[in-house]
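The values are calculated or read from the model by the stated rules, or taken from the named source; none is laboratory data. This is a predicted model, so every value here is computed, not measured. Cβ placement follows ideal geometry from the backbone for every residue including glycine, while neighbour counts extend to all protein chains displayed. Surface accessibility is based on the protein's heavy atoms, side chains included, excluding ligands, DNA and RNA. Shrake-Rupley method; radii C 1.70, N 1.55, O 1.52, S 1.80 Å.
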Amino acid sequence: MAESNAIKKSEATPMLMDQNTFKQLRDLIYEQTGIHFQENKKYLLESRLRPRLRARRCRTYEEYLTFLKFNSYRDGEFTELYTVITTNETYFFRDDAQLDTFMAVILPAVMKQNSGTRQLRIWSAACSTGDEPYTLALLLRDHAPLANWSIDILATDISENVLEVARKGVYRAHSLRKVPAAIRAKYFSAAADEFAIAPHVKSLVRFMNLNLYDRQRLKLIRGVDVIFCRNCLIYFDEKAKDQIITDLCGALRPHGYLIIGFSETLHDHSGSLHAIHAGRSVVYEKR
């Protein structure tokens, strides 16, 4: 009985991470992903990793660090780690001012430039559960002038867990709260409290696991017309962010467009990107 009580007491007491372990875990995560936890974010890393310690039966953060470094199952654990250290808050038609700019300003410019090939290539980087790329697919599928165009939307994320959700294309009503009623009725089928996106819309999007900090794999993506990389750069320090922006620019064709989050800014890329103020949004055109 005394042992049982001790175990219960131990489980009820939050595990704490010492400063040295925090630095090692933080550096390991940065090495793998470019995601940076500042000195004052130790509590955040503690709370996000705590479920993974329980899942791997690690009694301390030191044991978990050892698991990540040396265990034969560490690759699978990194997949879980990527999910818990990032926030996957997203929904359809998020930041509609940027979507308005995309449809009213960017898309006509791209269509004019690509009128010969009638092809459109879009990349949704850090796509999470697929709400963003499917939103783009809905907008483009519903745009009559694109009726005879070839549309390819690449959607990538570092977390295989959220990509599994995205590939299913089934969502709760909360994720669709900003979808216009006419589009919801036209492109979703309802069953109980879930909504499945229409197959001919799903077919416009292909999903791929991709770490934006992996320079070699990013080199495989070229000739993209528009990149959406929204609410992702906030996770990186300036060095990692500069590397990622440079590689995203490399994926864009000349005069392609980069769209980042409202709260995100770019510095020191004026040589490769030109800021365009359109309506309530700022987007960037590759020079």
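Restricted to the stretch 237-281, and to residues there that are more than 20 Å from the chain's Cα centre (by Cα) and basic (Lys, Arg), the residue that is least open to solvent (accessible area, probe 1.4 Å) is 253. Taking the criterion of being open to solvent by 70 Å² or more (accessible area, probe 1.4 Å) and over 14 Å from residue 23 (Cα atoms), the residues of the stretch 54-68 that qualify are 54, 56, 57, 59.
In the set (1) closer than 30 Å to residue 134 by Cβ; (2) in contact (Cβ under 8 Å) with a residue 40 or more places away in the chain, the condition left unmet by residue 44 is number (2).
The residue that is modelled with the lowest pLDDT, counting only those in the stretch 120-157 that are part of a helix (DSSP H, G or I) and among the charged types (D, E, K, R), is 141. Among the residues making up the stretch 129-146, those that are open to solvent by 10 Å² or more (accessible area, probe 1.4 Å) and in contact (Cβ under 8 Å) with a residue 40 or more places away in the chain are 129, 132, 139, 141, 142, 143.
As for the stretch 164-180, it holds no residue that is open to solvent by 10 Å² or more (accessible area, probe 1.4 Å), in contact with a strand residue (DSSP E or B) (Cβ under 7 Å, 6 or more places away or on another chain), under 28 Å from residue 282 (Cα atoms) and not in a strand (DSSP E or B).
I'd like to know if the stretch 94-112 contains one or more residues that are of a type outside the set (S, T, N, Q), touching a residue at least 40 places away in the same chain (Cβ under 8 Å), open to solvent by less than 30 Å² (accessible area, probe 1.4 Å) and not in a helix (DSSP H, G or I). For the stretch 94-112, residues of a type outside the set (S, T, N, Q), touching a residue at least 40 places away in the same chain (Cβ under 8 Å), open to solvent by less than 30 Å² (accessible area, probe 1.4 Å) and not in a helix (DSSP H, G or I): absent. If you go through the stretch 113-128 and pick out every residue that is hydrophobic (A, V, I, L, M, F, W, C) and open to solvent by 30 Å² or more (accessible area, probe 1.4 Å), you end up with 1.
When restricted to residues that are open to solvent by 20 Å² or more (accessible area, probe 1.4 Å) and within 19 Å of residue 233 (Cα to Cα), the stretch 73-85 contains 3. With the structure loaded, tell me whether residue 191 is in contact with a Leu (Cβ under 9 Å, 6 or more places away or on another chain) and among the small types (Gly, Ala, Ser) or whether it fails that test. So residue 191 fails the test. The sole residue among 203, 189 that is among the small types (Gly, Ala, Ser) and either surrounded by 19 or more Cβ atoms within 10 Å (Cβ to Cβ) or in contact with a strand residue (DSSP E or B) (Cβ under 7 Å, 6 or more places away or on another chain) (or both) is 189. Here residue 218 fulfils each of the conditions (1) open to solvent by 70 Å² or more (accessible area, probe 1.4 Å); (2) out of contact with any strand residue (DSSP E or B) (no Cβ under 9 Å at 6 or more places or on another chain); (3) farther than 19 Å from residue 94 by Cβ apart from (1).
Summed over the stretch 67-76, residues that are out of contact with any helix residue (DSSP H, G or I) (no Cβ under 6 Å at 6 or more places or on another chain) and charged (D, E, K, R) total 2.
The single condition among (1) over 18 Å from residue 97 (Cβ atoms); (2) open to solvent by less than 70 Å² (accessible area, probe 1.4 Å); (3) under 20 Å from the mean Cα position of the chain (by Cα) that residue 284 does not meet is (1). Confirm whether residue 32 is assigned to a helix (DSSP H, G or I) and at pLDDT 95 or above. Judged against the criteria, residue 32 is not a match.
Going through (1) free of Cβ contacts under 8 Å to residues at least 60 places away in the same chain; (2) within 22 Å of residue 244 (Cβ to Cβ); (3) of a type in the set (Ser, Thr, Tyr) one by one, residue 159 falls short only on (1).
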